[in-house]
Amino acid sequence: MNTTVFEQYESEVRSYCRKFPEVFVSSKGAYILGESGKEYLDFFCGAGALNYGHNHPYVKQKAVEYLMNDGIIHALDMYTVAKREFLETFEEKILKPRGLNYKVQFPGPTGTNAVEAALKLARKVKGRRTVMGLMGCFHGMTLGTLALTTERDARAGAGVSLNDVVHVPAPYMFPELDTIDYVDQILSDDHSGVDHPAAFILETVQAEGGIEVFSVDFLKRLRALCDKHDMLLIVDDIQVGCGRTGTFFSFERAGIQPDIVTLSKSIGGLGLPMALTLFRPELDIWSPGEHNGTFRGNQIAFVAAKAAVEVMTNEKLDANVRENEAVLRDGLQAIASVDERLTVRGIGYMWGIDCSKIPVDGFARRVICKCFENGLIVELAGRKDCVVKLMPPLIADKATLEKGMAILETSLKACLAEL
Ligand SMILES: Cc1ncc(COP(=O)(O)O)c(C=O)c1O
């Protein structure tokens, strides 16, 4: 395996390649092929950017046809057929059936761009400085979003102060503390010292935070709390949207409507860079060009995104996720039952095995490395990287899920045996 050029020239900032030491060549469905000739089952899916699997044939065909027909590749934010067709399909197949009325902003190609736009808009609409978020959250790595992201090492990289945010404990942190009551009280108390925030932002499932699923009750009460205190509710659906939890938007299970929603990762269909910031029409107080940029809509991503929305609805991938959720849950619980210190959390096609009670630094990392050796790609999440995170592609059937879990079981048992 020749990795010399990467090690010599690519910045030390590179990260995933250290956990998954292989040079990848091609991919199809749930599998990715290495230059070494080894095939890996991919239960990481580009950190959630490949919900439809690698090179989904229909999505790829549409993108290839577009390229071969000399479709527009770059157009700033000018009108194009590709953008029109994406917007029409997104409205017809995703927003309308869910009774959602959102304006769509193309804030730049990545997730953090979508969150930056959401934060800027919320502050502008409310004329307030701060945004409230939950401890354990991850919202991106650019300065505005990094101010919210809680991981200490990531924050340390900022080199400037990270301001204008208020973090409150996530519900799982202090079982005796009711987070909603706490926020209600500090916002009602004229001596709490906490400024009135413009918005409250959250992931309905904290992904990087360790697969922490917030309850329907918590989400409903948070919606009501935002109304009571005149804060906008921003749901960051970048990692857990696009069907990952069993519905297109992760907040659907709570029957709530956020004021602003951020989407990225799998919205680009094939793994192409694309992000959306959605908001209630009355919040659209941007003036033309106020949040401008060169890459405000990747045209091939529009084509792939339209095709992916068609796949999602025609192949009923969300229903597939709901149907197979129990396969993952029961399978992982059975695997974790080998050691009472392991716990399992998750929803839909997003699960974690929490190894924090195993008193060995880096135990979860050993497990994912062993999985990789055995042909399965899974990732780490959570405090001190103590959670093994599984995100199979939504196209994965029962047999594929079971195959991945069998590799995980062998790998986990081998790591436990080495303790
Ligand atoms: C919930 C959430 N928000 C924002 C981001 C940032 O997205 P990106 O890495 O595309 O900037 C991520 C990335 O993992 C995420 O999981």
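The values are calculated or read from the model by the stated rules, or taken from the named source; none is laboratory data. It should be emphasised that the depicted structure is a prediction, and the values quoted were computed from it without experimental measurement. Reconstructed Cβ throughout: ideal geometry from the backbone, glycine too, with neighbour counts over all protein chains shown.
Condition check: in contact with a Pro (Cβ under 9 Å, 6 or more places away or on another chain) and farther than 15 Å from K306 by Cβ. Does H74 satisfy that? It is false that H74 is in contact with a Pro (Cβ under 9 Å, 6 or more places away or on another chain) and farther than 15 Å from K306 by Cβ.
With respect to A117, is the statement that it is surrounded by 14 or more Cβ atoms within 10 Å (Cβ to Cβ), part of a helix (DSSP H, G or I), at negative phi and within 16 Å of the ligand (Cβ to nearest atom) true? Against the criterion (surrounded by 14 or more Cβ atoms within 10 Å (Cβ to Cβ), part of a helix (DSSP H, G or I), at negative phi and within 16 Å of the ligand (Cβ to nearest atom)), A117 qualifies. Do we have T179 as under 17 Å from H139 (Cα atoms) and touching a strand residue (DSSP E or B) at 6+ places or on another chain (Cβ under 7 Å) here? Criteria not met by T179. Of the residues F279, F295, F302, the single one that is assigned by TED's automatic domain parsing to the domain that holds L121, more than 30 Å from F214 (Cα to Cα) and crowded, with 20+ Cβ neighbours inside 10 Å is F302.
I'd like to verify a number: residues in region 120-154 that are closer than 20 Å to A199 by Cβ and away from the ligand (no atom under 14 Å from the Cβ), how many? I'd like the intermediate steps shown before the answer.
If we filter region 120-154 for residues that are closer than 20 Å to A199 by Cβ, which is where we start, we get 120-150.
Right, trim to away from the ligand (no atom under 14 Å from the Cβ) and you get 120-130, 132, 135.
Residues meeting the conditions: 13.
In the condition set (1) farther than 24 Å from N55 by Cβ; (2) within 17 Å of the chain's Cα centre (by Cα), V378 is compliant with all but (1).
Only one of the listed residues (M274, M312) is closer than 23 Å to G404 by Cα and modelled with pLDDT of 95 or more. That residue is M312. Being in a helix (DSSP H, G or I), in contact with a Gly (Cβ under 9 Å, 6 or more places away or on another chain) and not β-branched (V, I, T) is a condition met by at least one residue of region 134-154. Which one is nearest to the chain's Cα centre (by Cα), of the residues in region 194-218 that are closer than 23 Å to R128 by Cβ and not β-branched (V, I, T)? The qualifying residue nearest to the chain's Cα centre (by Cα) is E203.
Is there a residue in region 97-114 that is among the small types (G, A, S), surrounded by 23 or more Cβ atoms within 10 Å (Cβ to Cβ), assigned by TED's automatic domain parsing to the domain that holds A308 and part of a strand (DSSP E or B)? No, the conditions are met nowhere in region 97-114.
Sort out which residues of region 69-89 are in contact (Cβ under 8 Å) with a residue 60 or more places away in the chain, at negative phi and not in a helix (DSSP H, G or I), and write them in order of number. I'd like the intermediate steps shown before the answer.
Just the residues of region 69-89 that are in contact (Cβ under 8 Å) with a residue 60 or more places away in the chain, to begin with: 71-77, 80, 82-83, 85-86, 89.
From what is left, the residues that are at negative phi are 71-75, 77, 80, 82-83, 85-86, 89.
G71, I72, I73, H74, A75, D77, T80, listed by residue number.
Highlighted here are the helices (runs of 4 or more DSSP H) found entirely within region 291-397 that include at least 3 residues which are out of contact with any Phe, Trp or Tyr (no Cβ under 9 Å at 6 or more places or on another chain) and over 25 Å from T110 (Cβ atoms): 317-336, 363-373. If you go through region 181-196 and keep only what is crowded, with 17+ Cβ neighbours inside 10 Å and either among the acidic types (D, E) or in contact with a Lys or Arg (Cβ under 9 Å, 6 or more places away or on another chain) (or both), you end up with just L187. Working only within region 171-221, note down all residues that are more than 30 Å from V378 (Cβ to Cβ) and hydrophobic (A, V, I, L, M, F, W, C). Within region 171-221, L177, I180, V183, I186, L187, V194, A198, A199, F200 meet the criteria. Scanning region 53-68 for residues that are polar (S, T, N, Q), on the phi > 0 side of the Ramachandran plot and in a loop (DSSP other than H, G, I, E, B) turns up at least one hit.
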